[in-house]
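Engineer: Mind looking over this structure? Questions follow.
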Amino acid sequence: MATRADKRSSSTIRPISITTSLLSRDGSASFSFGNTKVICSVNGPAEVKLRDEKLDKATIDVVVRPLVGTPGTKDKTHEYILRSTFEGVIQSGLHPRTQIQIVSQVMMDDGSIIAAAINATTMALIDAGIPMKDIVAAISCVISKDDQILLDPTLQEMENVKSFHTFAFNKTSSSLLFCESLGLFTDDQYFNCYEICNAAASAIFEKMREAVTNKLQEEYHIES
Amino acid sequence: MTSNEDKMEIDHEGTELDVVLPGDPINIARKDDLKLGPGLTLTQDSVICIKAGLLKHFNKKNKWYVESNQKRYIPAEGDPVIGIVTYKGGEYYRLDIGSAHQAILPILAFPNVNKKSRPILNIGSLVYARITLANKDMEPEVACCNPKTNKDEGFGELKNGFVIKCSLRYCRRIISQETEICSLLKKLGEKHEINLAIGMNGRIWIRLKSDDTRDTIYCYDVIKRAENLDNDDISELINSLND
C-alpha cells in the first residue's frame, strides 16, 4: 500500500478533535479532521421573521461563512447541502413557528470541508438540545490517478484525482442521508467508496459519543 | 415484579453514566403505564431518544426521561419564570421569557384586580410569574396569582434588584434545593439580607435589603461562580466566604 504524504494508510482518518459549548450561543461546536476545522453555532428555537414562518414546523436557516471573503456560490451550495441533510433529522414539528439558525464558519481548509461542516453541525445541534430523530456523520474520499481510494483527503490529495466523494450517514440504520460525487468513476468504485466511508462513519459516531460523554461527565460529577 | 421495583430511582453514579444520543433506542422492559419525560419519544412501538443527555428513570412509576442541560428555554406548564415586559396592551402585557414566543400576561391574572384597578407595569419591568399555558402551537400564557386562592403566592413585579443569567440546569438545581447550593445561599444570607427569585428560564433575580451595588455584585459573583462547581468545590467556596 503506497503511503500518503502524511504517512497515513489509505483508509485512515486524520485525527478528529471535537469541542462543544465554545461560543455563547444556544449550542456550538468545533470539529476538525487534522488541519481542517469548522466551527458551527446553533441558535433556537427562536423567534422567526413573519415571512419565514411555517405554521407546522420550525424554519431551519443555514448560513455558511467561508474562510475568507463573502459567501459565494460554493458556500450557497454548502448551505443547501446542510439544510437538506438536517431537515430530515431535526424534529422540527415539535417547535412550530420558530427558527433554528445554523451558522457554520470554516476556520481552516485542508480538504473535506463539507464533511467537517456536517459533523460540526451535528455536534452543535446536540449541544443546543434541539430534538433530533438521529445524528449524522459525514466523511469524504477520493479515487486517485492510480485507482486507489484515499479516505479523508487533504487539500493536496484532492488535486489531480479521478473523483471525489462525500457521504453522510445516520447512526441508527447507518443509511445514506447525503452523497456528492464529482469526477469519473465506475459503479464498482462507487460502492467500494460507500463501504469504506460507511465503516469510517461509525468511527466518527464513536468520537461523537465520546465527546458528549466527556462533557456530561465534566458537568455531572457534581451529582455523583 | 422484580426486586428493583422497591428502589425509587436508579442512580447513575461515578463513571456509570448512562449517556444517550439522539436516535438511540431505549430498552424498556415494562410497557404498562409508561410515562415518558423530556428527551424521549414513542415511534410506532419503540421508544427513541431525541436529546443527548443522561437517561434516568423511576422504577416504581415507570417514568423515563433524559436529563440534559441547555441554554434555550422551552415553556412548560407550572414553571416559575422571570419575564421582561415588552408590550403594554389594554387586555394584556407581553413578556419576554427567553423562549421562541413571547408570553402573554393578562391584566386579570393578578390578585384582586378588575378592569378599573389594573396593575401598573411599564415596558422593561421585571415580572415573576407562573406559566399557566404551554402548548407548542400557542403563545405561552403566564399568571401572577393562583386562581383558586386569588393570592399572589410570591409572584408579581420584581422591583429594583439584579438579574443573573445562567444555564437552565443551574436553575433546576437551585429550585430542587440541592443541599450544597442551599447552604451557599444561606451563607450569603448571613451576611446580607437577600431576596431571591428563581425563574426556570435561566434567570435569577437578587435584591439585597441594603440595595448596595457593591454587595449585589459580590453576591452575583458568588452565585455565578457556583454554577460550574461540583458539591465539594461549593463547600470549599462556602469556607472561603468566611474570611
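Bear in mind that the values in this text are calculations on the coordinates, not laboratory data. No experiment lies behind these values; they were computed from the predicted model shown. Using ideal geometry, Cβ is built from the backbone for each residue, glycine included, and neighbour counts are taken over all protein chains shown.
Engineer: Counting only trypsin sites (Lys or Arg not before Pro) that sit in a DSSP loop (anything but H, G, I, E, B) with at most 14 other Cβ atoms within 10 Å, what is the longest stretch of chain B containing none of them?
Structural biologist: The reported range is B:62-114.
Engineer: Can I ask one more? Against the 2.2 N^0.38 Å scaling, with N counting residues, where does chain B land? I'd like the Cα-based Rg ratio to two decimal places.
Structural biologist: Against the empirical 2.2 N^0.38 Å value, I get 1.17 for chain B.
Engineer: Just add up the charged neighbours of B:TYR87: K/R +1, D/E -1, any other residue whose Cβ is under 15 Å from the Cβ of B:TYR87.
Structural biologist: Cβ neighbours under 15 Å give a net charge of -2.
Engineer: So what's the net charge close to A:ASP134: Lys and Arg +1, Asp and Glu -1, counting the other residues with Cβ under 14 Å from its Cβ?
Structural biologist: With Lys, Arg at +1 and Asp, Glu at -1, the neighbours total +2.
Engineer: Going by how many other beta carbons lie within 10 Å of each one, how would you line up A:ASP109, B:ASP232, fewest first? Don't skip to the end; give the middle numbers.
Structural biologist: On the way: A:ASP109 16, B:ASP232 11.
Least to most surrounded, the residues fall as B:ASP232, A:ASP109.
Engineer: Same structure again: How do B:GLU139, A:GLU206 line up, fewest other C-beta atoms within 10 Å first?
Structural biologist: A:GLU206, B:GLU139
Engineer: May I pose another question? Need the C-alpha centroid separation for segment A:79-151 versus segment B:72-104, integer Å.
Structural biologist: Value for the Cα centre distance between the two parts: 33 Å.
Engineer: Divide, for the protein assembly as shown, the radius of gyration over alpha carbons by 2.2 N^0.38 Å, where N is the residue count.
Structural biologist: On the way: Rg = 25.4 Å, N = 467, 2.2 N^0.38 = 22.7 Å.
That works out to 1.12 for the protein assembly as shown.
Engineer: Tell me the mean residue ellipticity at 222 nm calculated for the protein assembly as shown from its helices only (DSSP H runs of n ≥ 4, each -39500 (n - 2.57), averaged over every residue, nearest 500).
Structural biologist: -7500 deg cm²/dmol
Engineer: For segment A:16-220, what Kirkwood radius comes out of the mean inverse Cα-Cα distance, in Å? Spell out each step's value before the answer.
Structural biologist: Working: mean 1/r = 0.0577 Å⁻¹.
The answer is 17.3 Å.
Engineer: If R₀ is 41 angstrom, what is the calculated FRET efficiency for the pair A:ASP147 and B:ASP18, using the beta carbon separation as r and rounding to 0.05?
Structural biologist: 0.35
Engineer: Also, I was wondering about something else. Order these by the 10 Å Cβ neighbour count, fewest first: B:THR213, A:THR154, A:THR121. Present the calculation step by step, with values, prior to reporting the outcome.
Structural biologist: Numbers: B:THR213 10, A:THR154 21, A:THR121 28.
Ordered by Cβ neighbours within 10 Å, fewest first: B:THR213, A:THR154, A:THR121.
Engineer: In peptide B:68-77, how many Cβ atoms from other protein chains are near each Cβ within 10 Å, on average? Provide the component values of the computation, followed by the final result.
Structural biologist: Numbers: counts 6, 7, 6, 9, 14, 2, 6, 0, 0, 0.
Mean shielding count: 5.
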